[in-house]
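This report refers to the structure that appears directly beneath it.
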Amino acid sequence: MSRAQFATRLGVIATTVGSAVGLGNIWRFPYETGVHGGAAFLLLDLFFIFIIGVPVVCAEFIIGRHTGSNIRGAFRMLAPRQAWGWVSYIGITASVLILSFYSVVAGWTMHYTVKSVAGFSDNTSTEALHAQFDSFASGNILPMLWTLAFLAINYLILSRGVQKGIERMSNILMPILFAILLLFTVNSLMMPGAKEGLMFLFSPDFSAITPSVVLGAMGQAFFSLSLGLGCLITYSSYFKSDTPLLRTALITAGLDTFVAILAGMIIFPAVFTFGQQPEAGPKLVFEVLPSIFADMAGGVVWSTLFFLLLFLASLTSTISMAEITIAYLCEEFRMTRRGATALSIGVAMILGSLCALSFGVLGDMKVFGLTLFNLFDYTSSNILLPIGGMIISLFVGWKLDRSVVISELSAGGGRATKFATRIVIFCLRWLAPVCIAMVFIFGLNIF
Ligand code: TRP
């Protein structure tokens, strides 16, 4: 079977960044940073992104491009009949879990897009905006319908194939999103609470670092980079043979981090200006943003545009998540693309509905003290992704032929890549696995 390929190098960057940039940056990063006390969390996040994340991104790229296969097929090719292949099942499970709860939040962005056009209530006090979000999210039917609508849109795009749908859309939308975020950042920096907000985000209090903060930061780094479940293996299987892998990984991580920090610089000044709580959790962004827009000239236009773009950024991310399972089902079980898409999205629709309801009628259904939504988020981000990342990094560091690693990493690069290749290999063999293992042992309190 001949496989699709990304047409241009810009297409490669734009789609990979499109996968990375999404709710993880604009919704999850501010709320996790808020919950975990601010700047110290950001510093840890940066460490995990650049020191652990970038090498593991390279590892996924190496596997994907070398095999040009879906996640299961890739491991079968490289390590036939060996236990390494189990990592693909971790990846597929995690991607379905993430797709499910992620779609709930993407549904919220759709609701807020429509609401922006229709207008928020005339009372734009902080309390009124909070009440508005709470009554929407706990309303059962409406959030569930939005979740289903979001997944249905995913189905329509994904069943049309890789290149046409994903690439064209990302190329146009990502630059617009960057521009509008920059504009909002300037707006937030002029608020009275700007100083306090920036202190919260950038001035670390190291005494706030606990094992669970470290675990949370590692989970956030993996989540935001779309790392650890083979999403990037699948995407890089569509790369060309001369795409420079390390450079692509660095650009992706750089832009991804940039967007997250901008989101922080938009949200936290507003949090302190409007007297909100940084540790509000998943609803943080949805309560703070409307306050910002209510205060802006032309707020209706800005808020519509913003939620619309956020919805589209989520879409480029969920497309990449679903693509893992779809490529797997198509290539391993010879399903049609349409059938594979229907099956993956169908499962996500069931689980996603349950997650949506966990803010309402299913709110009391708790597993390990967490609602379904939080359980899916916590287990996939903080546990499954890092485990997947650790296995992938051990695999490329120790098991995969060194010559494959070197030739993949040096493709399309100059002399400087030789030195960089050594560093990446060292990180994959030692640094990443040891760090991830240690964070687990302390963060999950294993002993
Ligand atoms: N990185 C995306 C975001 O920040 C979410 C995402 C897309 C993802 N694909 C993934 C997370 C694969 C984990 C694994 O919104």
Roughly how many nanometres apart are two label points built 7 Å out from the Cα toward the Cβ at I441 and Y89?
2.7 nm
What's the carbon and sulfur percent of the chain's accessible surface, probe 1.4 angstrom, rounded to a whole number?
68 percent
Stretched fully, the stretch from S135 through T185 gains (0.36 nm per residue minus C-alpha distance, one decimal, in nm) 15.1 nm
Helix 54-67: inclination vs the chain longest Cα principal axis, degrees, rounded to 10, gives 50 degrees
With viscosity set to 1.306 mPa s and temperature to 10 °C, compute the Stokes-Einstein D of the chain, Rh being the Kirkwood radius across alpha carbon pairs; µm²/s, no decimals.
73 µm²/s
K283: which lysines have alpha carbons under 17 Å from its alpha carbon, excluding same-chain residues fewer than 8 sequence positions away?
K115
Per-selection metrics, the stretch 257-393 (Cα): Rg and Dmax in Å
18.7, 56
Obtain the nm distance between the two label points defined at F258 and A118 by a simple spin-label model: each point lies 7 Å from its Cα along the Cα-to-C-beta direction.
3.7 nm
Given H placed on each backbone N at 1.01 Å, which residues far from G193 in sequence or on other chains put an amide H within less than 5 Å of it?
T273
Spherically averaged projected area of the stretch 292-334 from its Cα convex hull (nm²)
3.4 nm²
Net charge (Lys, Arg +1; Asp, Glu -1) of residues whose beta-carbon lies under 15 Å from that of P278, P278 excluded, is -2
With charges only on Cβ, +1 for K and R and -1 for D and E, what is the dipole size of the chain about its Cα centre, in debye, rounded to 20?
1820 debye
Using θ = phi - 60° and Karplus 6.51 cos²θ - 1.76 cosθ + 1.60, couplings along the stretch 419-432 (whole Hz; Gly, Pro as x)
5, 4, 4, 4, 5, 4, 5, 4, 4, 5, 6, 10, 4, 5
Stokes-Einstein D for the stretch 210-333 at 20 °C, 1.002 mPa s, Kirkwood Rh over Cα pairs, in µm²/s?
124 µm²/s
To one decimal place, what orientation-averaged projected area in nm² is obtained for the convex hull of the Cα set of the stretch 335-437?
10.3 nm²
If I model the stretch 38-136 as equal point scatterers sitting on the Cα atoms and use the Debye formula, what is log10 I(q)/I(0) at q = 0.11, 0.25 Å⁻¹?
-0.65, -1.20
Solvent-accessible area per residue for the chain (1.4 angstrom probe, square angstrom)
38 Å²
At q = 0.12, 0.25 Å⁻¹, work out log10 I(q)/I(0) for the stretch 386-447 with the Debye formula, treating every Cα as an identical point scatterer and leaving solvent out; two decimals please.
-0.36, -0.99
Do the sum for the chain: with -39,500 (n - 2.57) for every DSSP H run of n ≥ 4, divided by all residues, what is the mean residue ellipticity at 222 nm, to the nearest 500 deg cm²/dmol?
-22500 deg cm²/dmol
Trypsin sites (Lys or Arg not before Pro), restricted to the stretch 1-102: which are DSSP loop and have at most 11 other Cβ atoms within 10 Å?
R81
Run the 1.4 Å probe and let me know the accessible area of T304, rounded to the nearest 10 Å².
30 Å²
Using just the Cα positions, wrap the stretch 337-391 in a convex hull and report its mean projected area in square nanometres, one decimal place.
4.9 nm²
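The values are calculated or read from the model by the stated rules, or taken from the named source; none is laboratory data. Remember, it's a predicted structure, so these values are computed and weren't measured experimentally. In this analysis, Cβ positions are derived from the backbone assuming ideal geometry, glycine residues included, and neighbour counts consider all displayed protein chains. Each accessible area value is taken on the protein alone, full model and side chains, heavy atoms only, with ligands, DNA and RNA left out. Shrake-Rupley method; radii C 1.70, N 1.55, O 1.52, S 1.80 Å.
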